[in-house]
1. Amide H to amide H, which residues 5 or more places from I7 or on other chains are under 5 Å from it, using H placed in the peptide plane?
2. Between D19 and E203, with labels modelled 7 Å along Cα→Cβ, what's the label distance in nm to one decimal, could you check?
3. What is the chain by shape, rounded, prolate or oblate, if you read a ≥ b ≥ c off the alpha carbon gyration tensor as root eigenvalues and call it rounded for a/c under 1.5, prolate for a/b larger than b/c, and oblate otherwise?
4. Calculate I(q)/I(0) for the range 16-154 by the Debye formula, one identical point scatterer on each C-alpha and no solvent, and give its log10 at q = 0.16, 0.22 Å⁻¹ to two decimals.
5. How high is the relative contact order of the chain, in percent, with contacts defined as C-alpha pairs under 8 Å that are six or more residues apart?
6. Could you tell me the relative contact order of the range 134-181? Use alpha-carbon pairs under 8 Å, at least six residues apart, and round to a whole percent.
7. In the chain, which whole DSSP H runs stretch at least 18 Å along their own axis (Cα) and average -1.0 or higher on the Kyte-Doolittle scale?
8. Which loop-located GluC sites (Glu not before Pro) does the range 1-51 contain, where loop means any DSSP state but H, G, I, E or B and the Cβ has at most 12 other Cβ atoms within 10 Å?
Amino acid sequence: MNKDVIIACDFSSARETFDFLAGFEQDARKPFLKIGMELYYAEGPEMVRQLKRMGHRIFLDLKLHDIPNTVRRTMRVLSGLDIDMCNVHAAGTIEMMLAALEGLTRPDGTRPLLIAVTQLTSTSEERMQQELLVDASIEEAIAHYARNAHEAGLDGVVCSPLEAQLVKAACGPEFLAVTPGIRFADAAADDQVRITTPARAREIGSDYIVVGRPITAAADSHAAWLRCLTDFCPETL
Ligand code: C5P
């Protein structure tokens, strides 16, 4: 499995997204893109189809969390979009994750990668314990949710890069750690708290880094993407 950098396209319109991608046209390598709820709900599945036609791989970050039957049926629709990666909340239970996998698997047996959200990085241990009544440390909760995802047959989890080792220890080295919270050493943290650099994420064991503003808000986004690739997965260049 090749490591890669996934650019978080946190834009609110197709126009903004295509303007951003115009800066990458000169490169034969098409960046792996993350489409989140904002862009998907604004532009719909046609956005995904267009980006796939342009040659991009797509992580569709819709974080499904519903009853198993609804998730199964929705995943069947998403799988038809030819996406490369998508996700669910592990809190939906093992039964829901099994249903997601079933829905995602195409008639020929292929399917996009499926990863789980454990605890959102915006959820503090205090709020998790007091509001969600989870009587565990945040690390225990993350490792437990990751083990549930692994048991259901998912491919990995989204987590902070600083949690990648914890996840690998709980679920094995092949279980994917897809990690946002990436910043260059010389840059602002913005609203991210548990952050690290692309090079450190590589050392810790991330499989994919998800990078938004350090690339999308850079004066030269293409150069910032290349810097991430050079630091995180130079062997793919
Ligand atoms: O701009 P920035 O690099 O902070 O963007 C990170 C991306 O990863 C955003 O799309 C954000 O929603 C997403 N994400 C995150 N933390 C999580 C899950 C997803 O930052 N736990």
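1. For I7, the qualifying residues are F32, L33, K34, V211.
2. Each label point is offset 7 Å from its Cα along the Cβ direction, giving 3.9 nm.
3. Details: a/c = 1.61, a/b = 1.17, b/c = 1.38.
Verdict is oblate for the chain.
4. Debye curve over Cα of the range 16-154, log10 I(q)/I(0) at q = 0.16, 0.22 Å⁻¹: -0.88, -1.26.
5. 19
6. Worked out over the range 134-181, it gives 37 percent.
7. 138-152
8. Answer in residue order: E25.
Values in this text are rule-based calculations from the coordinates and carry no lab data. As the structure is a computational prediction, the values presented were derived from the model and not from experiment. With ideal geometry, Cβ positions are generated from the backbone for all residues, glycine too; neighbour counts draw on all protein chains shown.
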